[in-house]
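Report on the structure given below.
The values are calculated or read from the model by the stated rules, or taken from the named source; none is laboratory data. Predicted, not measured: the structure shown is a model, and the values here were computed from it. Quick reminder, even Gly has a Cβ in these numbers, built from the backbone with ideal geometry, and neighbours come from all protein chains shown. Quick note on the areas: whole protein, heavy atoms, side chains included, nothing else; ligands and nucleic acids left out. Shrake-Rupley method; radii C 1.70, N 1.55, O 1.52, S 1.80 Å.
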Protein chains: 2
Amino acid sequence: MTDLLSRFSINQMTVKQLSLPELTAACAESGIRNVGLWREPVRSYGVEAAAKLVRDAGLTVTTLCRGGFLTAIDPGERARALEDNRRAVDEAATLGTDTLVLVSGGLPAGSRDLRGARERIADALAELGPYAEEHGVRLAIEPLHPMYASDRCVVSTLAQALDIAEHFPARQVGVTVDTYHIWWDDTAPAQIARAGADGRIHTFQLADWTTPLPEGVLNGRGQIGDGAVDMREWKGYVEAAGYTGPIEVELFNDALWARDGREVLAETAARFVEHAGG
Amino acid sequence: MTDLLSRFSINQMTVKQLSLPELTAACAESGIRNVGLWREPVRSYGVEAAAKLVRDAGLTVTTLCRGGFLTAIDPGERARALEDNRRAVDEAATLGTDTLVLVSGGLPAGSRDLRGARERIADALAELGPYAEEHGVRLAIEPLHPMYASDRCVVSTLAQALDIAEHFPARQVGVTVDTYHIWWDDTAPAQIARAGADGRIHTFQLADWTTPLPEGVLNGRGQIGDGAVDMREWKGYVEAAGYTGPIEVELFNDALWARDGREVLAETAARFVEHAGG
């Protein structure tokens with residue numbers, strides 16, 4: 001089991017009902033070696049304390065989620081977003097992960113200008129990229145499913161994410177490849193190849209696509225194997241593009257959150273092995 | 001008002017609380033000259049009777065919605081879908097519209113093969129295209145938003161729709177351009193130009209993008225002007241591509257359906273003039 005799980009990383013959000021000590025203990029018991037963390041629970045626990053906790057448990061922190069929200073027009077709001085992202089970089093460095101996932105942000109209130117919002121992301125990264133590099137952290141722009149384009153993330157495809165990332169060195173800015181957001185896109189395999197050729201696949205995440213979507217479409221990400229996504233096919237694309245790193249399972253799912261967290265962790269690891277292992 | 005409304009077409013679904021005679025009467029009173037019809041209410045009323053009703057009211061039927069659902073693997077299911085689509089072509093011809101909108105269908109139960117499903121659509125159109133042409137009807141593949149890719153329509157972008165349509169003459173198969181489904185896509189303007197150059201923009205529909213999306217994500221299409229879509233920008237793209245035909249407003253919206261249908265019709269016409277008129 002341990003070998004089959006060596007690339008598996010449990011994203012903290014998948015089992016958010018577990019406290020950080022519960023999560024690290026459960027990982028140790030289950031032979032899980034990698035975790036993706038979220039800023040809010042880490043800050044609640046204390047960043048230094050969290051870093052020590054995962055280090056003592058022998059866990060690798062594969063990513064920190066999330067920075068971003070860089071589409072503001074208002075100068076004060078923009079400055080606050082940049083400052084918050086610098087803190088996120090600091091936290092990632094403290095936790096010992098080299099990857100900060102970025103959710104870019106939606107349209108400012110009243111705006112219909114997607115192009116302008118995407119340009120402001122690039123402008124912001126020109127300030128954040130060097131700061132991140134100085135701290136040994138890479139920024140990973142995550143294209144979110146187009147159903148989030150207005151309110152969460154104006155970057156909807158890998159092609160758009162790479163168009164932005166390519167303004168910067170790969171050691172500063174790359175992309176997050178998450179099956180949930182791109183599985184429908186027949187151009188995504190070629191974009192994965194493009195990202196890989198440039199060394200810009202900074203993390204690879206799995207979630208399955210199930211319907212009907214819940215109100216607000218946030219918390220309906222399916223357990224691996226329950227939906228329409230062929231995980232092995234997408235794993236094949238990133239591997240063909242040269243990616244050999246950890247694979248995170250990140251599920252936002254009210255039904256999973258209502259269950260025992262250790263049980264969900266064990267199920268998720270087993271589903272990973274079944275659908276994406278080897 | 002009449003001149004500003006000359007290209008406006010009210011899709012029947014937007015005011016589905018109105019019976020067909022109520023709709024035609026309300027259009028006549030409001031100076032609305034065009035309607036897009038749906039098969040189910042037309043069949044309930046009687047296809048010949050509906051054709052006479054709209055003809056006597058002086059209305060042009062801009063489209064019939066909808067054929068499609070052509071992704072079945074099971075031979076019997078496939079044969080039934082093809083037969084149903086031939087009936088839809090017959091009904092379109094009887095109603096005097098030259099355009100049948102196609103919603104292609106989702107993944108068959110248990111399948112994860114998007115590519116295969118898209119290929120089966122092309123296979124089916126090889127049978128339906130000539131039949132439609134014989135009856136003076138063009139098939140208009142509608143790419144649906146990627147959030148419908150698994151359960152309603154595996155064709156998610158204009159590029160995918162055109163890749164399929166281009167197997168056939170434009171007089172047989174083209175596309176539906178609907179802002180609701182493509183507004184997030186930065187490659188869509190170029191694809192509209194590609195469609196226009198080939199004479200494949202068979203209909204142009206408007207709906208606005210508003211959030212939060214409702215459970216099931218079907219009935220939350222926003223009234224024109226209420227959301228993130230710049231209607232005049234998209235109208236500009238189709239016009240630059242040579243499209244000068246009617247513009248349908250097609251809203252699926254529980255809140256609009258709960259209101260008085262004549263009031264919604266008047267509001268929709270006014271919003272069209274404000275955001276897409278002239």
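Values computed for the structure shown
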item	result
P(r), alpha carbons of the stretch A:217-267 - 5 Å bins starting at zero, rounded %	5, 16, 23, 21, 17, 12, 5, 1
Within the accessible area of the stretch B:70-228 (1.4 Å probe), percent carbon and sulfur	48 percent
Exam field: A:Gln17 pseudo-label spacings to other copies (7 Å along Cα-Cβ), nanometres	4.1
Pairwise burial A:B, computed as accessible area of each alone minus the pair, summed, 1.4 Å, Å²	2500 Å²
Nearest-0.05 FRET efficiency for B:His135 and B:Tyr45, computed from C-beta distance (R0 22 Å)	0.60
Using a Förster distance of 22 Å, the FRET efficiency for A:His167-A:Ala193 (Cβ separation, nearest 0.05)	0.65
Where only C-alpha atoms are counted, convex hull volume of chain A per residue in Å³	119 Å³
³J(HN,Hα), Karplus 6.51/-1.76/1.60, whole Hz, each residue of the stretch B:40-46, x for Gly, Pro	4, x, 5, 5, 4, 7, x
Volume of the Cα convex hull of the stretch B:56-205, divided per residue and given in Å³	107 Å³
Relative intensity, log₁₀ I(q)/I(0), of the protein assembly as shown from a Debye sum that treats every alpha carbon as a point, q = 0.07, 0.08, 0.11 Å⁻¹	-0.44, -0.57, -0.99
Max mean-square fluctuation residue, GNM over chain A, Cα-Cα springs under 10 Å, options A:Thr94, A:Thr203, A:Thr14	A:Thr94
A:Asp84-A:Arg55 pseudo-label distance in nm [points 7 Å out on the Cα-to-Cβ vector]	2.8 nm
Of B:Gly76, B:Leu5, B:Ala26, farthest towards positive along the dipole that unit charges on Lys, Arg, Asp, Glu beta carbons give the stretch B:1-83	B:Gly76
Accessible area expressed per residue, the stretch B:19-71, with surrounding protein chains retained (probe 1.4 Å, Å²)	42 Å²
Integer Hz, Karplus 6.51/-1.76/1.60 couplings in order for the stretch A:56-70, x for Gly and Pro	5, 7, x, 8, 8, 8, 7, 8, 10, 10, 7, x, x, 6, 10
Cα pair distances exceeding 17 angstrom across the stretch A:1-67, given as percent	32 percent
The stretch B:5-119, Rg to Rh (Cα coordinates; Rh as Kirkwood inverse mean 1/r)	1.07
Compactness of the stretch B:150-270, expressed as Rg and Dmax over alpha-carbon positions, Å	15.0, 44
For A:Asn34, residues with placed amide H under 5 Å, excluding near neighbours	A:Ile10, A:Thr60
Amide H contacts of B:Thr99 (H built 1.01 Å from N, under 5 Å, at least 5 apart or other chain)	B:Leu64, B:Arg138
Charge dipole of the stretch A:124-258 about the Cα centre (unit charges at C-beta), most positive-ward option of A:Val249, A:Pro169, A:Ala124	A:Pro169
Spatially proximal lysines relative to A:Lys235 (Cα-Cα < 30 Å; intrachain offsets below 8 disregarded)	A:Lys16
Rounded to whole Hz, the Karplus (6.51, -1.76, 1.60) HN-Hα couplings of the stretch A:10-19, x for glycine and proline	8, 6, 3, 5, 4, 10, 5, 6, 8, 5
Percent of beta bridges antiparallel (DSSP, the stretch A:8-275, rounded to nearest 5)	10 percent
Candidate aspartates and glutamates - alpha carbon under 19 Å from A:Lys52, same-chain residues fewer than 8 apart omitted	A:Glu22, A:Glu29, A:Glu40, A:Asp90, A:Glu91, A:Asp98
Candidates A:Glu48, A:Glu215, A:Glu40, ranked by Gaussian network fluctuation over chain A, Cα under 10 Å, top entry	A:Glu215
Angle between chain A longest axis and helix A:261-276 axis [Cα atoms, degrees, rounded to 10]	80 degrees
Nearest-20 debye value, chain B charge dipole, Cβ charges on Lys, Arg, Asp, Glu	280 debye
Computed E for A:Asp186/B:Arg232 - FRET, C-beta separation, R0 35 angstrom, nearest 0.05	0.70
Candidates A:Asp178, A:Asp123, A:Asp208, ranked by Gaussian network fluctuation over chain A, Cα under 10 Å, top entry	A:Asp123
